[in-house]
Amino acid sequence: MGKGSEGSVVKRCPGELKSRHLAWSELPQTRTHALRLAERELTNAFIIHVALWQILLKYYNSSLKRDEFTRKITRFGAVASISGGLKANYSSSAPVIMYYSARGPDPEDSLLDYADILKPNLVAPGNFIWAAWSSLGTESVEFQGENFAMMSGTSMAAPHVAGLAALIKQKFPSFSPSAVASALSTTASVNDMNGGPIMAQRAYAPRAKSVSSNAIRYGQWFCYDDYMLFLCGINGSGPVIFNYTGQNCGTYNSTINGADLNLPSVTIANLDQCRTVQRTVINIAGNETYSASWSAPYGVSVKVVPTHFSIASGEKQVLNIIFNATMNSSTASFGRIGLLGNQGHVINIPLAVILKISYNTTNG
């Protein structure tokens, strides 16, 4: 945990921000002084100092009218107004991936081994989230004794996803964790509010998708419960897997790499001329006919076979996805496959290719 200079935002842990610090001379001496400082701080769009939070929250709590017996709030008496300050700017794109959000995949070396899994594959609101907080919590002194707090980070985004996952599990009780994750990923929004791709601050976002409640109207899902075949295929992973799962990788006759794991996305870290991967979808809705369309990553040609198929409820369909490098490039590029059903179901499959080799330079 680092400490910033006066007037800076201090990171408490990866992805979470602490209150902005004021110089000692700026600390409020009176209630009026505190409110003026708070107005200035809020205008600058920062979380205000601990002392200001406490004064404002004390004022807010003291203004509440409660039932004498049930102690439930019957009236809110706090008054606030906005004067001056900055005019809101709604021209920026949203959502975007915050600069402190993790990027992926994270290859071990320049060979891009084990980098065939798209990350981030799903994103949710996690910046300056005002949410319920345990008044007994002690990890953040500025929120001790309070029932609400404003924070940023994974711990703020995760509850959004968990809530949607719970709704999916309620509607589909037999779903495995991979099925729930697939439902969230394939139905999430792939565009920002302006219709463009979701971008990132300071670095690229590998076609991340923002969570959506569309997962409740679900049509197909990708089952990747064969993850043990993938984990056991990572060099040196055997002892670690046995330690955590009790399963012996020696019992598996074959392994698979990340690109062949039946995920609702396809990532190829090293495309040497051409490659074919398969994805198997399971229909959990009624009988439906689907058409496949796609947008290929830059420097790559893509073909999906079959382009049209009919699938009955409970049946499976194997999709062959053929990638061909059309240029030499080490820059990551992205695309998407869309499956459009005649009953209104839409399935999105993100594509990512990092290193592309269209011909072998060694052999000319």
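We did not get these values from a lab; they are worked out from the coordinates using the rules stated. None of these values were measured; they are calculated from a predicted model. Cβ coordinates were reconstructed from backbone atoms using ideal geometry, including for glycine residues, and neighbour counts include every protein chain displayed.
Cβ crowding within 10 Å ranks Thr280, Thr138 as Thr138, Thr280, fewest other Cβ atoms first. With 29 Å as the limit on Cα-Cα distance, the pairs of Lys119/Lys169; Lys171/Lys316; Lys171/Lys303; Lys72/Lys171 that go past it are Lys171/Lys303; Lys72/Lys171. With the highest mean first, a sort of the peptides 287-300, 123-136 on other beta-carbon atoms found within 10 angstrom per residue produces 287-300, 123-136.
Ranked by how many other Cβ atoms sit within 10 Å of their own Cβ, fewest first, the residues Ser265, Ser178 fall in the order Ser178, Ser265.
Once a ≥ b ≥ c are taken as the square roots of the eigenvalues of the Cα gyration tensor of region 131-201, is the result rounded (a/c under 1.5), prolate (a/b larger than b/c) or oblate (a/b not larger than b/c)? Note, shape of region 131-201 comes out oblate.
Taking other C-beta atoms within 10 angstrom as a stand-in for reagent exposure, His160, His345, His308 fall in the order His308, His160, His345, fewest first.
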